[in-house]
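Working notes, beginning with the structure itself.
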Amino acid sequence: IVKIDAPAFWEYDKLLDFFASYKKVRLSFEAKQQIVEFVEPSCINFFNLMTKLAVNFDGEEISKIMLEEVLEKNKLDHFEMANLFGFKKMNVFYSKLIDLDPDYDSLRGLFYFLQTHMVKISDPAFIHKKPKPSKYDNQILSQSRLWKQNELSLVLDFLKNLESRAKVKNPYIKTDIKSAYYRSL
């Protein structure tokens, strides 16, 4: 058995370089930065984008402007989404989620991350033990003041349900997200 670990988040640019080299796509520095910023980092997303770029720009160096013609912005920034969710900016959170229209794996990853984030909000005592809390830790402390324990248990159940639906690729998950958006208005 050969086990291949997914790249760490700081290695996504190397993964992008690999697929660009494999597909013989030349990217300008600005184009590469744009891809890292706006494309959900996964092998399939990078491979599909490099295939599309190889077909559309046969051997040309691709600039940021050329890239914008074919780039679909579908990256879910987990920390940004957790920030919105944690500060109860639900209409912005759901609106952004609907606009990005992520795939099931991205949704599953997001809802798992949000569960861990909300658990930290429910008991931020671990932060007080740290000698120097990070910006993220301070965000958790701020958000913990906004949530009541009964709200947190309901939200955790909701997120767990959404993660399960994403895991089994239930098409009704998008309806659930839209319903949550309309409830947040």
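The values are calculated or read from the model by the stated rules, or taken from the named source; none is laboratory data. Predicted model only: the values in this text are computed from it and were never measured. Cβ sites come from the backbone with ideal geometry, for glycine too, and all protein chains shown count toward neighbours. Just the protein is used for accessible areas: all its heavy atoms, side chains included, with ligands, DNA and RNA removed. Shrake-Rupley method; radii C 1.70, N 1.55, O 1.52, S 1.80 Å.
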At q = 0.18 Å⁻¹, what is the base-10 log of I(q)/I(0) for segment 90-185 according to the Debye formula with one equal point scatterer per Cα and no solvent? Please give it to two decimals. -0.89
What is the distance, in nm, between label points placed 7 Å from the Cα along the Cα-to-Cβ direction at Glu11 and at Lys64? 2.9 nm
Tell me, what is the per residue accessible area of segment 1-145 in Å², probe radius 1.4 Å? 61 Å²
Label points 7 Å out from Cα along the Cβ direction at Lys174 and Lys88: separation in nm? 3.1 nm
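When the helices in the chain are scored as -39500 (n - 2.57) per DSSP H run of 4 or longer and the sum is shared across all residues, what 222 nm value do you end up with, to the nearest 500 deg cm²/dmol?
-20500 deg cm²/dmol
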Amide H neighbours of Ile62 under 5 Å, at least 5 residues apart or on other chains, H built in the peptide plane: list them. Arg26, Leu27, Ser28
13 Å reach of a label modelled at Val119, 7 Å along Cα-to-Cβ, counting backbone N of segment 128-157: 156-157
Note down the nm distance, to one decimal, between modelled labels 7 Å out along Cα→Cβ at Gln33 and at Glu80. 1.6 nm
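Whenever you get a sec, compute what percent of the accessible area on the chain sits on carbon and sulfur atoms (1.4 Å probe).
The computed percentage sits at 55.
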Once whole DSSP H runs in the chain are found, which of them have Cα atoms spread over 18 Å or more along the helix axis and a mean Kyte-Doolittle score of at least -1.0? 43-56, 104-122, 149-167
Set of lysines near Lys14 by C-alpha distance (under 21 Å), chain-local residues within fewer than 8 positions excluded: Lys3, Lys23, Lys24, Lys32, Lys52, Lys64, Lys73, Lys75
